[in-house]
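Participant: Let me give you the structure first, and then I'll get to my questions.
The values are calculated or read from the model by the stated rules, or taken from the named source; none is laboratory data. The shown structure was predicted, so the numbers you read here are calculated from the model rather than taken from an experiment. Cβ sites come from the backbone with ideal geometry, for glycine too, and all protein chains shown count toward neighbours. Just so you know, the surface numbers come from the protein's heavy atoms only, side chains and all, with ligands and any DNA or RNA stripped out. Shrake-Rupley method; radii C 1.70, N 1.55, O 1.52, S 1.80 Å.
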Amino acid sequence: MSCTSCSSSIDGLPLGCKNNGACASGSCDKMNVFDWLANMSIPNGQKPFDIVEVRFKNGRKGFFKNSKELQLCIGDVIAVEASPGHDIGVVSLTGELVKIQMRKKESLMRNEEVRQVYRKANEKDIEIWTVARNKEKEVQRKSRLIISRLGLKMKLSDVEYQGDGNKATFYYTADERVDFRQLIRELAGTFSLRVEMKQVGLRQEASRLGGIGSCGRELCCSTWLTDFRSVSTSAARYQQLSLNPQKLAGQCGKLKCCLNYELDSYMDALKTIPKTNIWLQTEKGPAIFQKMDIFMGWMWYAYKENPVTWHKLTVNQTNQIIQLNKKNTKATSLEEYALELEFEVTETSNFADVVGQDSLTRFDKPKFKRKRKKNNKRNFKDNRKNLQKKNKSE
């Protein structure tokens, strides 16, 4: 997404605002919420909702109570309560929509208290905040060196400084239980701050860091996806996908979340398709299922004795053969049903090329330039030889 403050080059290509998540309009950040109640006024005698949603680094959000009744708008930089000290964040949502957001995250907020909003951030607060944010990459690099020196089996994925610069949260992933007591001592002594270690899952790590998926777009978990539902291999089986872990896994190493998006439509389409473990009994022998096209309604079968040659049938034709087999009668052969299908396709395809626009290269001109050049060179050589012979004879 882009905003009006993003510049562009002479050719019209967008250069980006390069604010690194601190855009004034808030349209270049992760997990944005559109306030569709912003232009509506509050009924008379009703006070605005006193809790605001505040956004921090990498899409982390929290809810804070505006007990001092400050006039806050989306995009304001404010100082909020932290433990200990204060933190700096950006207001991402105000008003009645905050209630809906709190209802969605009710399970995460049961054990947490709603903290207070202190004030709008002044120049000194913002200066300390930016200095602390600029230290994060260097602190992350040195922390990884300390972890490797201590021999801990953990991966440090991100470091987030608190707004006052007195505390830092280290996000890490690990397969086993890690004893990082010595690590905390060294980190606190090296960087002179309070250290908090927070373990996250592989999906949470991918959502914090972001990236580009195999589809060419930004990761869903870092842009709009708020909950991580379990994805099983049965979702790939229902969609007739090959169980290749390299293709089915996302950047987090787990199965892609997008496997669940189209699963319902596949399940609805599979209701009319017969089971694939049923063999078709014909006079030429039993036929075994090979593959199918779910939305086109095509199924391929092959004889058990000749599995190389496949025969394409429709779902209706397959159901007809199954009904015949239930009556203890065998179908004549798969070739008859395949011929009926081919006859129907040829009848419908007679009018496909009425205008004659099926060829993509119909406007391409033949290229004879190279041949002409070669012929010109040959003629020039022949003429030159003839002239030399004439000169010699004279």
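Participant: In whole Å, what are the Cα extents of region 60-104 along the three principal axes, biggest one first?
Facilitator: That gives 29, 23, 19 Å along the principal axes, largest extent first.
Participant: Using the Cα gyration tensor of region 90-158, with a ≥ b ≥ c the square roots of its eigenvalues, what is the shape: rounded (a/c below 1.5), prolate (a/b larger than b/c) or oblate (neither)?
Facilitator: Values: a/c = 3.41, a/b = 1.52, b/c = 2.25.
It comes out oblate by the Cα gyration axes.
Participant: Rolling a 1.4 angstrom probe over the protein heavy atoms, how many square angstrom per residue are accessible across region 183-274? List each step's numbers first, then the result.
Facilitator: Working: 5780 Å² over 92 residues.
Counting only protein heavy atoms, the per-residue value for region 183-274 is 63 Å².
Participant: How about region 91-159: which trypsin sites (Lys or Arg not before Pro) there lie in a loop by DSSP and see at most 10 other Cβ atoms within 10 Å?
Facilitator: Values: sites: 99, 103, 104, 105, 110, 115, 119, 120, 124, 133, 135, 137, 141, 142, 144, 149, 153, 155; in loops: 105, 110, 135, 153.
Sites meeting the loop and neighbour criteria: 110, 153.
Participant: Can you give the net charge of the other residues whose Cβ lies under 15 Å from the Cβ of residue 67, counting K and R as +1 and D and E as -1?
Facilitator: Once positives and negatives cancel, what remains is +2.
Participant: So what are the ³J(HN,Hα) numbers for region 41-53, from phi and the Karplus equation (6.51, -1.76, 1.60; θ = phi - 60°), rounded to whole Hz, Gly and Pro as x?
Facilitator: In residue order, the calculated couplings are 8, 7, x, 5, x, 10, 8, x, 5, 8, 10, 10, 9 Hz.
Participant: Search the structure for amide H atoms under 5 Å from the amide H of residue 89, placed 1.01 Å from N in the peptide plane, and list their residues when 5 or more places away or on another chain.
Facilitator: Amide H neighbours of residue 89: 78, 80.
Participant: Let me ask something else. Which loop chymotrypsin sites (Phe, Trp or Tyr not before Pro) in region 187-238, with loop taken from DSSP, have no more than 16 other Cβ atoms within 10 angstrom of their Cβ?
Facilitator: Details: sites: 191, 224, 228, 238; in loops: 224, 228.
Passing both the DSSP loop test and the Cβ count: 224, 228.
Participant: What does the highest-first list of 293-302, 324-333 look like by mean Cβ count within 10 Å?
Facilitator: Working: 293-302: 15.9, 324-333: 12.8.
Going from most to least packed, we get 293-302, 324-333.
Participant: Using θ = phi - 60° and the Karplus curve 6.51 cos²θ - 1.76 cosθ + 1.60, what whole-Hz ³J(HN,Hα) does each residue of region 301-313 get, with Gly and Pro shown as x?
Facilitator: 10, 9, 5, 5, 7, 10, x, 6, 8, 9, 10, 8, 10
Participant: Tally Lys/Arg at +1 and Asp/Glu at -1 over every other residue whose Cβ is under 12 Å from the Cβ of residue 292; what's the total?
Facilitator: Values: positive: 275, 291, 312; negative: 293.
Once positives and negatives cancel, what remains is +2.
Participant: OK, next. In µm²/s, what is D for region 225-293 at 10 °C and 1.306 mPa s, where D = kT/(6 pi eta Rh) by Stokes-Einstein and Rh is the Kirkwood radius from Cα pairs?
Facilitator: On the way: Rh = 14.3 Å.
D = 111 µm²/s.
Participant: Same structure again: What does the net charge come to around residue 195 if you take all other residues with beta carbon closer than 10 Å to its beta carbon, with K and R at +1 and D and E at -1? All intermediate terms of the calculation are to be shown ahead of the outcome.
Facilitator: Details: positive: 167, 185, 194; negative: 186, 196.
For residues surrounding residue 195, the net value is +1.
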